[in-house]
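Visitor: Once you've had a glance at the structure underneath, I'll fire off some questions.
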Amino acid sequence: MNWFDSTVHRAMIEAATVGALGGVVGVLVVARRLPFFTMALTHATFPGIVIAALLGVDLYLGGGLFGLLVVLAVVALSRGRGQDFTAATGIALSGGFALGVVLVSAQDGFSKDLTAYTVGDILAVSTGDLAATGVVAVGVVLVLILLGKELLLAAFDPTGASALGLPTAVLDFVLLALIEVTVVAVVPALGAVLAVALLVGPAATARLLSDRLAMLFPLAAAIGVGCGVAGVWVSTLWNVAAGASIALLVGLAFGLAFLGSAARTRAGRAAARRLATATGS
Amino acid sequence: MTGPTENGAAVAGAAVGAAAGAAVGAADGPAAGTAAGTVADVAGPPGRTAALVLDRASVAYGDVPVLEELHGTVYEGEAVALIGPNGAGKSTLIKALLGLVPVVRGRIEVLGTSPDRARRDVAYVPQADTLDPDFPISVEQVVMMGRYRKIGWLRRPSAADREHAAAALEQVGLAERARHRFGTLSGGQRQRVLLARAIAAQPRLLLLDEPFNGVDAVSQHTILEAMDALKGRGTSVVVSTHDLAIAHLACDEVCLLNRHQFGFGPTDATLTPERLRATYGGHALELRGDRVIVTQT
Ligand SMILES: Nc1ncnc2c1ncn2[C@@H]1O[C@H](COP(=O)(O)OP(=O)(O)O)[C@@H](O)[C@H]1O
Ligand SMILES: [Mg+2]
């Protein structure tokens, strides 16, 4: 029997891939303060997936195309004078999710699948899904390697980037598109509501542990992989929902890192105080 | 002769009587036309190349004109101070010199060509406090950004790029902070890192947007020294500031701005009380002994 014939094995590979992908892309999401936008994307991709399911076409394709429309709409809306990126994002979030729910509920006998779309079904992942996620992961990492320094400059200092003659609008679009394809890869596994956990949690956790950009990518990827694989394992062990287990573990990792960094800060201050007392200053 | 900055007010060390006597005509109000007061219209010594030519240039965001009828010339190796109150359009002029805000009338020439085309030889130093202090980026990574244009797309920094970046950081006295996170440095140090980034780009024209705002004395001194070193190598400098003392100390020319040009020319001759009063609006200026104090900046 092929190793990939096991549902649990496939789920673990999928969880590891989306964990690594979410962790890496999440570093950019967190650095650019885009978690809210990412959450909007996960929700707005939802109707695309539902439409694709209704039409019987590929879920990734449906979700991806629809999400791309949302990215373009948000960029266009927020570039308009006096328009707020957050407002445009909020509209995309609620509007997209509502459209998905309406579409699902309009179908007879379809409503039981709503759970699969909202919280995902990683144990139902096929070998084809695995391949698709793998391709997305390789593509995203390749783009990050090739355009890394330009994306970094556009993120840190947009005016400085334009001053160098870099096409900042194009770079912004590339970044949002990277987030979008990652969302499309993660949503079938974790669902529209939980996907944001993998796209924000591991990177935010890594950020608590390190200041160095070069460290953040491997650290966030490792945390994503760890939570993903452990989540699937926990779910088979206790027979609980896999997507929710992954999201819970991500939350747990963040909580521990937060307590750890808070304790370190306090220890640092105490050490400084002891030093001050010892030197009599 | 320059006095210290008191309570954020800008202090000019120019002797009022002497400066007023040397004034080229009365304060140039916008209605009076700016060309008449443009001391720089008098051609410089032969052989000097113009780094910057403003030829009755107007600059606008969309339909809203921000700056009108700018006129003057800055030569290679010279520094010009952009002086004017908040909202005067100093940042806008700097962005126009970068080709980021369009010239709607007249002409702006940078390094003998259009601002767009000159960009490869122009370095821009933003105000440090406009950048996210939480961004996970190290000091050396910020400085390396100055080399991006020379490195080009899809390529990684070479050993030579690293050397240039390290030397630039050394020049602003922050070599030992290379591996610290940018946001952990003080405001003045962050400003110096951004200056190092510009130095690493080896520009022929350096644009500094209010680099002295809220920086410590050491940083101010370091920035002034670096400006001098660059000028010595033929780099021209445009620096916006509220500090008239710094304009006197470090700049050959000043451009008085408040939506219009209120004077453009050699520092001492142009920074007259009349022109400053016109630029800042009469009530904002106090004269105390031989000092001009701009109370509202
Ligand atoms: N992106 C923009 N779009 C429209 N108007 C702008 C923009 N940026 C600045 N302005 C306007 O241009 C004027 C000059 O601003 P600015 O150049 O920032 O002045 P300063 O740098 O001298 O304080 C201000 O009235 C400001 O409201
Ligand atoms: Mg400004």
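None of the figures in this text is laboratory data; all of them are computed from the coordinates on show. Everything numeric here is computed off the predicted structure, so don't read it as measured data. Cβ: placed from backbone, ideal geometry, glycine included. Neighbour counts: every protein chain shown.
Visitor: Given H placed on each backbone N at 1.01 Å, which residues far from B:ALA79 in sequence or on other chains put an amide H within less than 5 Å of it?
Guide: Answer set, sorted by chain and number: B:VAL237, B:ASP252, B:GLU253.
Visitor: Per residue of B:139-150, what is the mean number of Cβ atoms on other protein chains within 10 angstrom of that residue's Cβ?
Guide: Averaged over the peptide's residues, the number is 3.
Visitor: What are the extents of the Cα atoms of region A:126-207 along their three principal axes, listed from largest to smallest and rounded to whole Å?
Guide: Principal extents (Cα only, largest first): 47, 25, 20 Å.
Visitor: For region B:204-280 and region A:142-201, compute the distance between their C-alpha centroids and round to whole Å.
Guide: Between the Cα centres of region B:204-280 and region A:142-201 lies a distance of 39 Å.
Visitor: Report Rg/Rh for region B:49-175, rounded to two decimals, where Rg is the Cα radius of gyration and Rh the Kirkwood radius.
Guide: Reported Rg/Rh, Kirkwood definition of Rh: 1.02.
Visitor: What ³J(HN,Hα) values, in whole Hz, does the Karplus curve 6.51 cos²θ - 1.76 cosθ + 1.60 give for region B:140-149 when θ = phi - 60°, with x put for Gly and Pro?
Guide: 5, 5, 4, 5, 4, 4, x, 8, 3, 4
Visitor: What are the residues whose amide H is under 5 Å from the amide H of B:ARG105, where those residues sit 5 or more places off or on another chain and H is modelled from the backbone?
Guide: Under 5 Å from the amide H of B:ARG105 lie the amide H atoms of B:SER58, each far enough along the sequence or on another chain.
Visitor: Also: Mind pulling the angle between the C-alpha long axis of helix A:213-238 and the longest principal axis of chain A? Nearest 10 degrees, somewhere in 0 to 90.
Guide: Helix A:213-238 sits roughly 50 degrees off the main axis of chain A.
Visitor: Summing +1 for each Lys or Arg and -1 for each Asp or Glu, what net charge is found among the other residues whose Cβ lies under 11 Å from the Cβ of B:HIS180?
Guide: +2
Visitor: Which three extents, in angstrom, do the Cα atoms of region A:87-237 have along their principal axes, listed largest first?
Guide: Ordered largest first, region A:87-237 gives principal extents of 56, 36, 29 Å.
Visitor: Just add up the charged neighbours of B:LEU93: K/R +1, D/E -1, any other residue whose Cβ is under 13 Å from the Cβ of B:LEU93.
Guide: -1
Visitor: Could I ask something else about it? Provide the convex hull volume over Cα atoms per residue for the protein assembly as shown, in Å³.
Guide: 189 Å³
Visitor: For the peptides B:269-276, B:94-101, what is the packing order when you average, over each peptide's residues, the other Cβ atoms within 10 Å and list the highest mean first?
Guide: Most protected by this proxy first, the peptides run B:269-276, B:94-101.
Visitor: Please report, in cubic angstrom per residue, the volume enclosed by the convex hull of the alpha-carbon atoms of region A:6-280.
Guide: 156 Å³
Visitor: Still on this model: Hey, got the dipole for the protein assembly as shown? About the Cα centre, +1 on K and R Cβ, -1 on D and E Cβ, debye to the nearest 20?
Guide: 960 debye
Visitor: Could you work out how far helix A:85-106 tilts from the main Cα principal axis of chain A, as a 0 to 90 degree angle to the nearest 10?
Guide: 30 degrees
Visitor: Hey, another quick one. For the protein assembly as shown, with the dipole built from +1 on Lys and Arg beta-carbon atoms and -1 on Asp and Glu ones, taken about the Cα centre, which of B:PHE135, B:LEU174, B:ILE199 lies farthest toward the positive end?
Guide: B:LEU174
Visitor: Order the peptides B:133-145, B:60-72, B:190-202 from the highest to the lowest mean number of other Cβ atoms within 10 Å of their residues.
Guide: Per-residue mean Cβ counts within 10 Å order the peptides as B:190-202, B:133-145, B:60-72.
Visitor: Do the sum for the protein assembly as shown: with -39,500 (n - 2.57) for every DSSP H run of n ≥ 4, divided by all residues, what is the mean residue ellipticity at 222 nm, to the nearest 500 deg cm²/dmol?
Guide: Value at 222 nm, helices only: -18500 deg cm²/dmol.
Visitor: If you don't mind, another one. Tell me the Kirkwood radius of region B:46-118: reciprocal of the mean inverse pair distance over distinct alpha-carbon atoms, in Å.
Guide: This gives a value of 12.5 Å.
Visitor: List, in order, the whole-Hz ³J(HN,Hα) value for each residue of region A:189-197 obtained from phi through the Karplus relation with A = 6.51, B = -1.76, C = 1.60 and θ = phi - 60°; use x for Gly and Pro.
Guide: 7, 10, x, 5, 7, 9, 4, 4, 4
Visitor: With charges set only on the Cβ (+1 for Lys and Arg, -1 for Asp and Glu), what does the dipole of region A:6-280 come to about its Cα centre, in debye to the nearest 20?
Guide: For region A:6-280, the charge dipole is close to 1260 debye.
Visitor: In degrees from 0 to 90, rounded to the nearest 10, what is the angle of the helix A:7-31 Cα long axis to the longest principal axis of chain A?
Guide: Once rounded, the angle reads 50 degrees.
Visitor: Work out the charge dipole of chain A with +1 on the Cβ of Lys and Arg and -1 on the Cβ of Asp and Glu about the Cα centre, then indicate which of A:PRO202, A:ALA185, A:ALA272 is farthest towards its positive end.
Guide: The listed residue farthest towards the positive side: A:ALA272.
Visitor: Long-range amide H contacts for B:PHE262: which residues qualify at under 5 Å (H placed 1.01 Å from N, peptide plane, sequence gap of 5 or more or a different chain)?
Guide: Excluding prolines and chain starts, which carry no amide H, the hits are B:LEU256, B:LEU257.
Visitor: If you don't mind, another one. Could you work out the mean count of beta carbons from other protein chains within 10 Å of each residue's beta carbon in B:191-200?
Guide: 1
Visitor: Could you list, bin by bin from short to long, the percent of Cα-Cα pairs of region B:144-276 in 10 Å steps?
Guide: Cα pair-distance distribution for region B:144-276, in percent: 11, 38, 31, 15, 4, 0.
Visitor: A further question follows. So in the protein assembly as shown, what percent of DSSP beta bridges are antiparallel if you round to the nearest 5?
Guide: Among the beta bridges of the protein assembly as shown, antiparallel pairing accounts for roughly 60 percent.
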